[in-house]
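A.B. asks: For reference, the structure I am asking about is given below.
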Amino acid sequence: MEANGLGPQGFPELKNDTFLRAAWGEETDYTPVWCMRQAGRYLPEFREARAAQDFFSTCRSPETCCELTLQPLHRFPLDAAIIFSDILVVPQALGMEVTMVPGKGPSFPEPLREERDLERLQDPATVASELAYVFQAITLTRQRLAGRVPLIGFAGAPWTLMTYMIEGGSSSTMAQAKRWLYQRPKASHQLLRILTDALVPYLVGQVVAGAQALQLFESHAGHLGPQLFNKFALPYIREVAKRVKARLQEAGLAPVPMIIFAKDGHFALEELAQAGYEVVGLDWTVTPEKARERVGKSVTLQGNLDPCALYASEEEIGRLVQQMLDDFGPQRYIANLGHGLYPDMDPEHVGAFVDAVHKYSRVLRRK
């Protein structure tokens with residue numbers, strides 16, 4: 001590091017690299033912790049900052065994204081920040097209209113219905129330039145973090161993005177998207193390739209902008225059984241990691257750890273552990289010891305407290321965290337929830353979760 005406290009890209013020198021070391025599988029003095037959706041509606045200051053703006057306008061404002069990303073860091077001693085954005089900025093950049101409907105969630109007024117609808121999509125090579133606002137938010141946030149903790153960038157995995165683009169929003173069955181897999185396998189692969197081609201430069205661009213780790217969200221893995229997952233999700237998950245790493249190397253950039261989080265994808269743990277990611281995120285339906293047995297010692301595990309456990313008393317949260325840390329063991333592990341925080345959660349309980357991880361993981365290392 002240079003004498004002025006700036007790193008090689010001119011960013012402030014990193015003071016707490018515990019999360020990154022755990023991601024790379026190195027020993028740490030305590031277990032690092034962060035929460036999915038840690039920048040979110042459970043914080044009153046978040047609701048205040050967001051009140052005046054439409055959701056996607058917020059995503060397009062680097063200043064607001066930076067402010068929202070840093071809010072939880074002002075309250076809790078988290079070991080990583082994750083940029084405030086949304087996985088659906090990628091379909092938007094491909095030319096699809098997406099709105100966020102209060103009380104309902106994302107909505108695509110004109111979802112993909114027929115094979116010919118793929119012709120409406122923009123060239124995936126243009127996506128990174130369309131998403132320059134995300135890169136600006138990352139650079140600004142990395143500067144303002146002042147090296148306190150690493151900054152995570154992210155994107156949705158191809159299958160998960162495909163479900164929204166075809167369903168037109170959330171769905172409990174994903175029947176329309178799965179209909180494509182069965183009736184239009186060729187067009188499905190075409191769409192998944194377009195999304196992969198869009199995601200690779202987008203993720204590389206996030207690293208160039210200052211992201212120090214990347215998480216890929218396969219939020220809808222659970223709607224696929226092992227066969228469909230192995231055919232339509234896993235190959236693209238693998239390809240994203242492989243191509244991002246190759247691109248970073250070609251550009252002369254240092255590698256960053258990559259995390260794959262496939263919600264309800266417990267049937268594919270072994271495959272995910274060999275998909276080219278340093279970290280495999282687990283949801284709360286997976287037993288830590290069984291997960292470790294299945295994936296071996298070559299990857300770091302991240303997770304996996306049931307988010308609803310934060311409705312429990314602070315004492316109970318402490319007990320649940322203790323059990324979780326005992327089950328995962330002290331090394332090659334990043335503590336997190338098994339999914340994101342919910343809007344009605346008490347910030348004090350989030351703080352109790354973070355503190356319990358820090359406190360008990362230090363005790364565990366002394367045993």
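A.B. asks: Please state the shape class of segment 258-367: rounded when a/c is under 1.5, otherwise prolate if a/b exceeds b/c and oblate if not, all from the C-alpha gyration tensor.
C.D. replies: Oblate shape, in that a/c is at least 1.5 and b/c is the bigger or equal ratio.
A.B. asks: If you take the beta carbon distance between Asp29 and Ser170 as r and set R0 to 45 Å, what does 1/(1 + (r/R0)^6) give as a FRET efficiency, to the nearest 0.05?
C.D. replies: Values: r = 41 Å, r/R0 = 0.91.
Working from the Cβ atoms, E equals 0.65.
A.B. asks: Per 0.36 nm of contour for each residue apart, how much would the distance between Gln331 and Phe267 grow if the chain were fully extended, relative to their Cα-Cα spacing?
C.D. replies: On the way: separation 64, 0.36 × 64 = 23.04 nm, distance 2.40 nm.
Result for the pair: 20.6 nm of gain on full extension.
A.B. asks: What are the ³J(HN,Hα) couplings of segment 123-128, residue after residue, when phi is run through the Karplus curve with 6.51, -1.76, 1.60 and θ = phi - 60°? Round to Hz, x for glycine and proline.
C.D. replies: Along segment 123-128, the couplings run 4, x, 5, 8, 4, 4 Hz.
A.B. asks: What full-extension length gain, to one decimal in nm, is calculated for Trp284 and Gln143 as 0.36 nm per residue of separation minus the Cα-Cα distance?
C.D. replies: Roughly 47.4 nm would be gained on extension.
A.B. asks: Place the peptides 319-329, 210-220, 104-114 in order of packing, highest mean first, counting for every residue the other Cβ atoms within 10 Å and averaging per peptide.
C.D. replies: 210-220, 319-329, 104-114
A.B. asks: Further question: Say each of Gln183 and Val101 gets a label point 7 Å from the Cα, pointing the same way as Cα to Cβ; how far apart are those two points in nm?
C.D. replies: Distance between the two pseudo-spin positions: 2.2 nm.
A.B. asks: For the pair Glu110 and Gln227, how long in nm is the line joining their label points, each one 7 Å along Cα→Cβ?
C.D. replies: It works out to 3.6 nm between the two label points.
A.B. asks: How far apart, in nm, are the 7 Å Cα→Cβ label points at Ala254 and Ala52?
C.D. replies: In this crude spin-label approximation the distance works out to 3.8 nm.
A.B. asks: Here's another thing I want to ask about it. According to the square roots a ≥ b ≥ c of the eigenvalues of the Cα gyration tensor, what is the shape class of the chain, taking rounded for a/c under 1.5, prolate for a/b larger than b/c otherwise, and oblate for the remainder? The partial results should precede the final answer.
C.D. replies: On the way: a/c = 1.42, a/b = 1.29, b/c = 1.10.
Rounded shape, in that the Cα axes give a/c under 1.5.
A.B. asks: Compute the relative contact order of the chain as a whole-number percentage, counting only Cα pairs closer than 8 Å that sit 6 or more residues apart in sequence.
C.D. replies: Averaging sequence separation for qualifying contacts and normalising by length gives 22 percent for the chain.
A.B. asks: Something else about it: What number, rounded to the nearest 500 deg cm²/dmol, is the helix-based mean residue ellipticity at 222 nm of the chain, given -39500 (n - 2.57) per DSSP H run of at least four residues and division by all its residues?
C.D. replies: -13500 deg cm²/dmol
A.B. asks: Another question, then. Would you mind checking which residues have amide H under 5 Å from Asn336's amide H? H placed 1.01 Å from N; only 5 or more apart, or other chain.
C.D. replies: Hits under the 5 Å cutoff: Gly303, Asn304, Leu305.
A.B. asks: While we're looking at this one, here's another question. Considering only DSSP states other than H, G, I, E and B, which chymotrypsin sites (Phe, Trp or Tyr not before Pro) in segment 29-105 qualify as loop sites with at most 14 other Cβ atoms within 10 Å?
C.D. replies: none
A.B. asks: Would you please give the residues with an amide H less than 5 Å from that of Gly281, counting only those at least 5 places away or on a separate chain, with H modeled from the backbone geometry?
C.D. replies: Here Ile260, Phe261, Ala262, Gln302 satisfy the definition.
Here, each number is a calculation from the coordinates, and none is a lab measurement. Here the structure is a predicted model, which is why all the values come from computation and not from measurement. With ideal geometry, Cβ positions are generated from the backbone for all residues, glycine too; neighbour counts draw on all protein chains shown.
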